[in-house]
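First comes the structure, then the notes that go with it.
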Amino acid sequence: MIKKVSTEKAPAAIGPYSQAVIAGKMLFASGQIPINPETGSVEAEGIEAQTEQVMKNIGAVLVAGGCGYENVVKTTCFLADMADFAAFNAVYEKYFTQKPARSCVAVKQLPKDVLCEVEVIACLY
């Protein structure tokens, strides 16, 4: 059985998907971009500020799913420009202190022309 996870403390889905789903003891979160959930807009400028908003959004989805950053076992990170890699990492490592497995790639373009997007898989234990 798959359970949908939803919270108003993270941006609403901008397409036909769920913020996250739980299957068994695993939470699979859709990619989060730096949308402020209170306004529905991208307000953060620069990679550091956008990464901070992404991490807050991920945190809200994790809490809604009954876990936290410490439960994350895998992340997939998308950057609009690999030149932002070091600045992105500086923010990312403040949240993922347990160093989950990770992929990080540069892509041609992200939704709403944001600078980063992150999706996570967490273990509910």
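Among the residues of the stretch 74-82, at least one is within 21 Å of residue 6 (Cα to Cα), touching a Lys or Arg at 6+ places or on another chain (Cβ under 6 Å) and in contact (Cβ under 8 Å) with a residue 40 or more places away in the chain.
How about the stretch 1-58: which strands (runs of 3 or more DSSP E) wholly inside it have at least 1 residues that are surrounded by 15 or more Cβ atoms within 10 Å (Cβ to Cβ) and within 10 Å of the chain's Cα centre (by Cα)? Spell out the reasoning first.
Working: elements: 2-5, 20-23, 26-32.
Correct list: 26-32.
Filtering the stretch 18-36 to residues that are hydrophobic (A, V, I, L, M, F, W, C) and either in contact with a Leu (Cβ under 6 Å, 6 or more places away or on another chain) or in contact (Cβ under 8 Å) with a residue 24 or more places away in the chain (or both) leaves 20, 22, 26, 27, 28, 29, 33, 35.
For the stretch 79-115: of the residues being under 19 Å from residue 18 (Cα atoms) and not in a loop (DSSP other than H, G, I, E, B), which is most open to solvent (accessible area, probe 1.4 Å)?
Kept after step one, since they are under 19 Å from residue 18 (Cα atoms), are these residues of the stretch 79-115: 110-112.
So of that shortlist, the ones also not in a loop (DSSP other than H, G, I, E, B) come out as 111-112.
Numbers: 111: 57, 112: 120 Å².
Here the answer is 112.
The values are calculated or read from the model by the stated rules, or taken from the named source; none is laboratory data. Model, not experiment: these values are computed from the prediction. No Cβ is skipped: glycine too gets one built from the backbone with ideal geometry, and neighbour counts run over all protein chains shown. To get the accessible areas, we keep the full protein, side chains included, count just its heavy atoms, and leave off ligands, DNA and RNA. Shrake-Rupley method; radii C 1.70, N 1.55, O 1.52, S 1.80 Å.
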